[in-house]
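No value in this document is a laboratory result; all are computed from the given coordinates. Being a predicted model, the structure only gives us computed values, none of them experimental. Don't worry about glycine lacking a Cβ; one is built from the backbone with ideal geometry, like all the others, and counts go over all protein chains shown.
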Amino acid sequence: MSEPDKFEDDLLYALTRTGEGFRTEQADLVAGGYRRGRSRWRRRSTAAVVGGAAALALVGTGAVYLAGSPAAKDTGTVSAASGSGGPAATPTTVRSSAPTVVTGDEVLATFQALLPKGETTEAKGRGTDDEQSKGTFVGADLVFDDGQGKSLVQIGIQKHRPKQEQPRTCPTDLKLARIDSCSVTTLPDGSRLQLQQGYEYSDNRADTKEWDATLSGPDGREITVSEWNAAREKGAPDSRPNPPLTLDQLKAVVTDKSWDRVVAAVKFDGVDTDAVDPGLSLEDREAALAGLLPPGVTVTGRTGSALLATFQLARGQETGSVVLRVENWSKSDDNSWAGAFKDAVAGPDGTKVLTKGGADAKEKMPLMVNVLHPDGMEVAVSQGPAGKELLTPEQLKAIGVSPVWKARK
């Protein structure tokens, strides 16, 4: 990844997350060593090196996903050799009568019941009643021994909103990514199943193997089972030649219908972008921004979609850019966003202004101004990654606090 690309990645990520500690995808935070945090990092790192399939897709506040090339609807292996195959139950549509709470003990018991014969120790589960994940992530992990040696085995379950799922893809260069096999198939119900056999570290620092199965379903479910040929992650000695479960067995676990009840209880992660979409097109936002720029600064181009866009600017021979996010919280039933502005400066009319970053700040990011208007409109604006900083902090604030930002939806 080039420095400009990395800068833009970090900037846009920070823009969507500023002041939003409560909005982050709690699964990554509370799951610790669970697979999703690692797989996200690995997909991004591998893509940066291999030139494969990852691209940053920002789909609104609190929802950042790594999307590969569009998930094809074809059936069959899309990349590499696969050890998959054999019948397995596929998930069905979750019924509304499903429970609203599933405890960690229930998740753990369901997981254990799907494993082959063996001894389990150090087992623990996380349910929808977990205070940290707020019901958006459940999982379990344990040490499993089938008589051939101990193995850490984990499962993580979460649920993405429609159109916010992460397409299943395999790296374009398996050898460089240090993956022995990878396949993605489409199951009869439309779910996408990824099976992968690789190593815990792609940089050859250790030979510990890590095998995974991930199911992405039409109802938004993402179920990942990971296993190692060691009893611990990161640096533990290998305790057996291979992880205990075959790819067929991993597939059977993630596709088992007993997870339907659990998935129904899991809350969607991220923010419902449709609910906070103000109905402003790129053209609408460009027109509003252009009218708020200081004399001599013009808009020369734009990129983006949904709620966030980057606008290229020019002032004579100098060029720059700004990143703009506009959301409307007045119709959203998610009121957790309000906590982001607890340290904001409130104006006479109730407008709240929060600034982050800048040259003198601890945060390693450009200055960003985040404004919450009394009618629920949130406007975040920052100097972009390209060119010079053409706008002063006062000019950025003027853009954010302007009453021109009105929802059309």
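If contacts are Cα pairs under 8 angstrom and at least 6 residues apart, what is the relative contact order of the range 193-254 in percent? Numbers along the way, then the final one.
On the way: 109 pairs, mean separation 18.3, N = 62.
RCO, the range 193-254: 30 percent.
Can you bin the range 152-231 into rounded, prolate or oblate? Criterion: square roots of the alpha carbon gyration tensor eigenvalues sorted a ≥ b ≥ c, rounded for a/c under 1.5, prolate for a/b above b/c, oblate for the rest. Walk me through the intermediate numbers first.
Numbers: a/c = 2.43, a/b = 1.67, b/c = 1.45.
In terms of gyration-tensor shape, prolate.
Between Ser281 and Glu318, how many nm apart are label points set 7 Å from Cα along the C-beta direction?
3.3
Label-point separation (nm) for Val353 and Asp173, each offset 7 Å from Cα along Cα-to-Cβ?
4.9
So for each of 369-375, 349-355 I average, over its residues, the number of other beta carbons within 10 Å; can you give me the resulting order with the highest mean first? Before the final figure, lay out the partial values.
Working: 369-375: 20.9, 349-355: 16.0.
Result, highest mean Cβ count within 10 Å first: 369-375, 349-355.
Quick check: pseudo-label points 7 Å beyond the Cα along Cα→Cβ at Glu119 and Ser258, how many nm apart are they?
Simple spin-label model gives 2.2 nm for this pair.
Sum up the charges of everything whose Cβ sits under 13 Å from the Cβ of Val101, counting Lys and Arg as +1 and Asp and Glu as -1, but leave Val101 out. The partial results should precede the final answer.
Values: positive: Arg126, Lys134, Arg261, Lys267; negative: Asp105, Glu106, Asp129, Asp130, Glu131.
With Lys, Arg at +1 and Asp, Glu at -1, the neighbours total -1.
Can you give the extra length, in nm with one decimal, that the chain gains between Asp146 and Lys409 once fully stretched, where that is 0.36 nm per residue apart less the Cα-Cα distance?
Details: separation 263, 0.36 × 263 = 94.68 nm, distance 5.73 nm.
Net length gain for the segment: 89.0 nm.
Through the Karplus equation 6.51 cos²θ - 1.76 cosθ + 1.60, θ set to phi - 60°, convert the phi angles of the range 129-144 into ³J(HN,Hα) values in whole Hz; use x for Gly and Pro.
After applying 6.51 cos²θ - 1.76 cosθ + 1.60, I find 8, 5, 5, 6, 7, 6, x, 8, 8, 10, x, 7, 9, 7, 9, 10 Hz.
Note down the magnitude of the dipole of the range 222-339 about its Cα centre, charges +1 on Lys and Arg C-beta and -1 on Asp and Glu C-beta and zero elsewhere, to the nearest 20 debye.
Its charge dipole is roughly 300 debye.
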